[in-house]
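The values are calculated or read from the model by the stated rules, or taken from the named source; none is laboratory data. None of these values were measured; they are calculated from a predicted model. A quick note on method: Cβ atoms are made from the backbone with ideal geometry, for glycine too, and the neighbour counts reach across all protein chains shown. Side chains included, ligands, DNA and RNA excluded: accessible areas come from the protein's heavy atoms. Shrake-Rupley method; radii C 1.70, N 1.55, O 1.52, S 1.80 Å.
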Amino acid sequence: MPDSPHHDHDPQDHDSHHDPDPDPDPDPDPDPDPDPAEMLALLEQQERRVDATLLSPVPWLYAIWGIAWLVGFLLLWSGWPGGNPWFSVPLPIAGISFGVLILGSIVASAVIGMRINAGVRGASDFPGAVYGISWSASGFAFALLGMGLISNGLSPELASVYFPSAYALMAGTLYFAGAALWRDKSQLALGIVLLVLGSVAPFFGQPTNNLVMALGGGGAFLVGAGIMAARLRRTGS
């Protein structure tokens, strides 16, 4: 019986059919999951930059009030006898100039307050509108009250004590509201300073109370403007 044909099998052929080479190592994930801490830090940085953009008009607002208080109250101090020892200003001119400066500051506060609120995403226009109107409404109310007191016998000397403190208390209270509305500590600090000045200045008597308001209030506004501008510059960089 003839031998059955014998087929030699190459071991390499056997391996090529039954033991294929394993796949190469997969490439590492090109997009690894971001670090949650880094994402949170990035979000916080972006939020600070947005806040800095929204609050960028605030240093200008402080500067406007600082100049108005410094110049306006110095004019009043210079308009009264026993005030400025270096030069004097006619009292009617000093009073009118003071009123114009304060009115301009009130209008600027109303416009800037509504502008800041308009830039807050998803925020209602109502809070900013109320805050802006409150400056004009409060200023008119305090002025009308003073006029009523004068018509009932309030002397010019006492009126010179009333009006500076009234507007200081008004501005201080509204800066408290602004601090709560925009979580701004600089407005809270200014509000405290103005409330203290408005309460303490009458004890210095007339016309020195105007000098106290000029240096204390005007100086606080100008210092606050510089600090706020520097802080926003650091935050936005």
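Observations, loosely collected:
- In region 183-237, residue nearest to L91 (Cα to Cα) [restricted to those that are open to solvent by 20 Å² or more (accessible area, probe 1.4 Å) and among the charged types (D, E, K, R)]: K185
- Close contacts from region 169-193, counting a first residue that is on the phi < 0 side of the Ramachandran plot and a second that is of a type in the set (K, R), with Cβ to Cβ under 8 Å and a gap of 6+ residues or different chains, come to A179/K185; S186/R231.
- Any helices (runs of 4 or more DSSP H) falling wholly within region 146-237 and containing at least 2 residues that are over 21 Å from W77 (Cα atoms) and of a type outside the set (S, T, N, Q): 156-182, 185-200, 219-236
- Condition met for A177 (within 19 Å of L70 (Cβ to Cβ), within 23 Å of the chain's Cα centre (by Cα) and among the small types (G, A, S)): no
- One residue stands out in region 49-75 among those that are open to solvent by less than 20 Å² (accessible area, probe 1.4 Å) and closer than 16 Å to L211 by Cα: the one that is modelled with the lowest pLDDT, namely W65.
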